[in-house]
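Asker: Would you mind keeping the following structure in view while I ask a few things?
The values are calculated or read from the model by the stated rules, or taken from the named source; none is laboratory data. Computed from a prediction, not measured in an experiment: that's the story for all the values here. With ideal geometry, Cβ positions are generated from the backbone for all residues, glycine too; neighbour counts draw on all protein chains shown. Just the protein is used for accessible areas: all its heavy atoms, side chains included, with ligands, DNA and RNA removed. Shrake-Rupley method; radii C 1.70, N 1.55, O 1.52, S 1.80 Å.
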Amino acid sequence: MDLLQDLGIGIAIGMLAGTTGTTGSARGRMVLLAAIVGLVVGFLIDSVLGAILAAVGAGAACLVISDLVFGASRREGSGAGALGFIVALAALVVLAIALLVPWAIIAVAIALIWLGYSRHRRAQRKHAGLRVLR
């Protein structure tokens, strides 16, 4: 159960870091920063395995959430600040779930993986017509 708790804390850290909605190399630096923060927090809370799980959770969550926030800010313009606030509240809920009901983090991790995969698949479909023209 402690490992699931570490994973949930890492996901919450990554979600908070992803609210910046950066793109390109700035997103890479933010993912790396989230992974390092997750590694340190996981090591302070648990052991080396917990630190690795927290770092992986933080990096993956930051990657998916920053893509989500960037896409919304590109479409909405100045309304993306509200989305960042909602994501920050969702990160607090994930943190509470990790601390109170650690086994429920499995559902959160599956939802995060599904969100990342569906966004990737949608982006591939969007650009499929351009690949045919080559």
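Asker: Would you pull out the residues with amide H under 5 Å of Thr20's amide H, same chain only if 5 or more places away, H placed 1.01 Å from N?
Answerer: Amide H to amide H, under 5 Å and 5 or more residues apart or across chains, Thr20 pairs with nothing.
Asker: On a C-alpha basis, how far is the centre of the stretch 1-42 from the centre of the stretch 87-119 in Å? Whole number, if you could?
Answerer: A separation of 13 Å, based on Cα centres.
Asker: Grab the beta carbon distance between Ile106 and Leu33, set R0 = 25 Å, and tell me the FRET efficiency rounded to 0.05. Walk me through the numbers before you get to the answer.
Answerer: On the way: r = 26 Å, r/R0 = 1.04.
In this case the efficiency is close to 0.45.
Asker: Could you sort the peptides 4-17, 103-116 by per-residue average Cβ neighbour count (10 Å cutoff), highest mean leading?
Answerer: Numbers: 4-17: 27.7, 103-116: 15.0.
Result, highest mean first: 4-17, 103-116.
Asker: All other residues with a Cβ under 15 Å from the Cβ of Gly8 taken together, and with Lys, Arg as +1 and Asp, Glu as -1, what is their net charge?
Answerer: On the way: positive: none; negative: Asp2, Asp6, Asp46.
Combined, the nearby Lys, Arg, Asp and Glu give -3.
Asker: Rounded if a/c is under 1.5, else prolate if a/b is larger than b/c, else oblate: which is the chain, with a ≥ b ≥ c the root eigenvalues of its Cα gyration tensor?
Answerer: prolate
Asker: What full-extension length gain, to one decimal in nm, is calculated for Ile113 and Val48 as 0.36 nm per residue of separation minus the Cα-Cα distance?
Answerer: Values: separation 65, 0.36 × 65 = 23.40 nm, distance 2.35 nm.
Value of the extension gain: 21.0 nm.
Asker: Rounded, prolate or oblate: which fits the stretch 23-96, taking a ≥ b ≥ c as square roots of the Cα gyration tensor eigenvalues, rounded meaning a/c under 1.5, else prolate when a/b beats b/c? Before the final figure, lay out the partial values.
Answerer: Values: a/c = 3.52, a/b = 1.79, b/c = 1.97.
Cα axes put the stretch 23-96 in the oblate bin.
Asker: Return the calculated 222 nm mean residue ellipticity for the chain, to the nearest 500 deg cm²/dmol, obtained by summing -39500 (n - 2.57) across DSSP H runs with n ≥ 4 and dividing by the residue count.
Answerer: Numbers: 6 runs with 115 residues, N = 134.
Using -39500 (n - 2.57) per qualifying helix, the result is -29500 deg cm²/dmol.
Asker: Measure off, as a whole percent, the carbon and sulfur share of the 1.4 Å-probe accessible area of the chain, all protein chains present.
Answerer: Details: 5790 of 7840 Å².
Ligands and nucleic acids excluded, carbon and sulfur reach 74 percent.
Asker: Sequence gap at least 6, Cα distance under 8 Å: using those rules, report the relative contact order of the chain to the nearest whole percent. Provide the component values of the computation, followed by the final result.
Answerer: Numbers: 205 pairs, mean separation 44.0, N = 134.
Result for the chain is 33 percent.
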